[in-house]
Amino acid sequence: LNLIEIYKEFGSVRSAADLWQVIAYSLMAQLGAKNIAIFMEDDDRMHLMHALGFTLASDYSFSGKNRLCRELGETRRIVFTDDILGSLPENEAKLLSASGARYAAPVFRYEELRGVILINPPAGRAKFSDDDLFYLKICGELLGAMEAQLRLVAGAEQRNEHLQRAQKYRGYARDFSVALGQLDNHEPLKDALENEMLQHFAESPLLLMLR
């Protein structure tokens, strides 16, 4: 996939899971990479979102403020891990070495480091070319921008869902008020309430309590 095709692929993205796959498979197709891991920040930790090739636990994470992340955030450049291992604290160096990753690429949203892509060149190649690294950099920037958009869309959808739920419940309350106004003096209030609950909340534990 070239960059134009990636933009087209983004048109079909409807969830974060779709986004991780689009980025991972575009990197695999364009760079020949078989080992790709995408991490995104949440609560000061980088959490694994999608992995191909790397043997990593699904709940794998690392500090978003560690030496590697600080290096990526300050330089805004892709890091060749061999160049930085010697400057990392021992525990960080062990984790990075154990992953087997040769490159770490930053994912930015404006000035904020939002994630990290760990990636290896294809078998038989020690390093990526300059063109490959440029493509990887662009993919990281696209990932940061799209992740931000997905957050906005998800927030808007959630607010819309809450609004629709509130409107639905207001409608239930209105219907119940109308039903109460139509009661005669001999019809128990409990029966009217139970009828409304049967219509709208047939599986509600409250309905069982009324019975």
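The values are calculated or read from the model by the stated rules, or taken from the named source; none is laboratory data. Keep in mind that this is a model prediction, so the values were computed, not measured. Note: ideal-geometry Cβ built from the backbone for every residue, glycine included; neighbour counts use all protein chains shown. We work out accessible area using only protein heavy atoms, side chains counted, and drop any ligands, DNA or RNA first. Shrake-Rupley method; radii C 1.70, N 1.55, O 1.52, S 1.80 Å.
Taken over segment 101-137, the criterion of being part of a strand (DSSP E or B) and surrounded by fewer than 17 Cβ atoms within 10 Å (Cβ to Cβ) is satisfied by 112 alone.
Residues are listed down the side, and each one gets a yes or a no for (1) open to solvent by 80 Å² or more (accessible area, probe 1.4 Å); (2) at pLDDT below 90; (3) assigned to a strand (DSSP E or B); (4) closer than 16 Å to residue 134 by Cα:
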position: 18; (1), (2), (3), (4): no, yes, no, no
position: 41; (1), (2), (3), (4): no, no, yes, no
position: 49; (1), (2), (3), (4): no, no, yes, no
position: 73; (1), (2), (3), (4): no, no, no, no
position: 82; (1), (2), (3), (4): yes, no, no, no
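Does at least one position in segment 56-66 carry a residue that is hydrophobic (A, V, I, L, M, F, W, C), part of a helix (DSSP H, G or I) and surrounded by 14 or more Cβ atoms within 10 Å (Cβ to Cβ)? Taking every residue of segment 56-66 in turn, none turns out to be hydrophobic (A, V, I, L, M, F, W, C), part of a helix (DSSP H, G or I) and surrounded by 14 or more Cβ atoms within 10 Å (Cβ to Cβ).
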